[in-house]
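S.K.: Quick one: the structure is below, questions incoming.
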């Protein structure tokens, strides 16, 4: 790698890498207990929902459709992000949760990671209802048939967490690449899942905007670890 490439990598991923590496070296698996629990819960849901006796119970507690009553969808949404989509390989969901949730937990802490994951998932869930109300004639709309599509899986939470962590740790090119990939996904395949990913990003962007505004009002205060202006020491 050239000197300019090394400098870019250090600037883009150095603070993030240092934070994650330090946490894993010093605390090992104790640094990511929530992530381990999330991976186990996702694997458990996958195992249960593929049994004759288990499919309906999993649907009853973690399956969301836009045609469901809103109160029921809101009740099921927290668990829905741990229920793998039946039409996708489960290893993909497990890998997403392990990697992105693990990085987020070490960088943001358990409470903030869960909060942002839920915000992103909720934004996607609510968008589905708005998109169907708008209708398929608008680029932001969805066909009425999407109201019956089962909406589960961690992808919206993963996308939202990835964008937020990149912003907090100055990996702006990486965060931009995630957003660009989701835009391309919608252009190539404008389905419910792709548009929900953009809705998840929009929800997180609003949160980022509010936090940036609050931090500008606190100028002069020493930055804390995990804030965008804070940079951990880079080891040579």
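The values are calculated or read from the model by the stated rules, or taken from the named source; none is laboratory data. Everything numeric in this text was worked out from a predicted model, so none of it was measured. Note that we place each Cβ from the backbone using ideal geometry, even for glycine, and neighbour counts take in every protein chain shown.
S.K.: Assess whether residue 203 counts as being within 29 Å of residue 93 (Cα to Cα), modelled with pLDDT of 95 or more, part of a helix (DSSP H, G or I) and within 16 Å of the chain's Cα centre (by Cα).
M.R.: yes
S.K.: Considering each residue of the range 20-39, count those that are under 21 Å from residue 112 (Cβ atoms) and free of Cβ contacts under 8 Å to residues at least 12 places away in the same chain, and give that number.
M.R.: Residues that pass the stated criteria total 7.
S.K.: I would also like to ask the following. How many residues does the range 161-196 contain that are in a helix (DSSP H, G or I) and either touching a strand residue (DSSP E or B) at 6+ places or on another chain (Cβ under 6 Å) or within 19 Å of residue 19 (Cβ to Cβ) (or both)?
M.R.: Here the count works out to 13.
S.K.: Let me ask another. Between a first residue in the range 158-182 that is on the phi < 0 side of the Ramachandran plot and a second residue that is surrounded by fewer than 24 Cβ atoms within 10 Å (Cβ to Cβ) and outside any helix (DSSP H, G or I), which pairs have beta carbons less than 8 Å apart while being 6 or more apart in sequence or on different chains?
M.R.: What qualifies is 165/171; 167/228; 168/226; 168/227; 168/228; 169/228.
S.K.: Tell me the residue from 115, 92 that is more than 26 Å from residue 50 (Cβ to Cβ) and surrounded by fewer than 22 Cβ atoms within 10 Å (Cβ to Cβ), please.
M.R.: 115
S.K.: What is the residue count in the range 53-83 for residues that are surrounded by fewer than 18 Cβ atoms within 10 Å (Cβ to Cβ) and within 25 Å of residue 31 (Cβ to Cβ)?
M.R.: Final tally of qualifying residues: 2.
This table checks each residue for (1) in contact (Cβ under 8 Å) with a residue 24 or more places away in the chain; (2) closer than 17 Å to residue 77 by Cβ; (3) surrounded by fewer than 22 Cβ atoms within 10 Å (Cβ to Cβ).
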| position | (1), (2), (3) |
| --- | --- |
| 97 | yes, yes, no |
| 104 | yes, no, no |
| 125 | yes, yes, no |
| 128 | yes, yes, no |
| 136 | no, no, yes |
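S.K.: From the list 108, 86, which one is crowded, with 17+ Cβ neighbours inside 10 Å, modelled with pLDDT under 95 and either over 22 Å from residue 194 (Cα atoms) or within 20 Å of the chain's Cα centre (by Cα) (or both)?
M.R.: Working: 86 fails: crowded, with 17+ Cβ neighbours inside 10 Å.
Sole residue among the options that is crowded, with 17+ Cβ neighbours inside 10 Å, modelled with pLDDT under 95 and either over 22 Å from residue 194 (Cα atoms) or within 20 Å of the chain's Cα centre (by Cα) (or both): 108.
S.K.: I'd like to check something: does the range 149-160 contain any residue that is surrounded by fewer than 23 Cβ atoms within 10 Å (Cβ to Cβ) and in a helix (DSSP H, G or I)?
M.R.: In the first step, residues of the range 149-160 are kept if they are surrounded by fewer than 23 Cβ atoms within 10 Å (Cβ to Cβ); the result is 149-150.
Subset that is in a helix (DSSP H, G or I): none.
Checking the range 149-160: not a single residue is surrounded by fewer than 23 Cβ atoms within 10 Å (Cβ to Cβ) and in a helix (DSSP H, G or I).
S.K.: A follow-up question, please. Based on what the data block shows, is residue 125 more than 14 Å from the chain's Cα centre (by Cα), over 13 Å from residue 191 (Cα atoms) and in a helix (DSSP H, G or I)?
M.R.: Taking the combined requirement at face value, the residue does not satisfy it.
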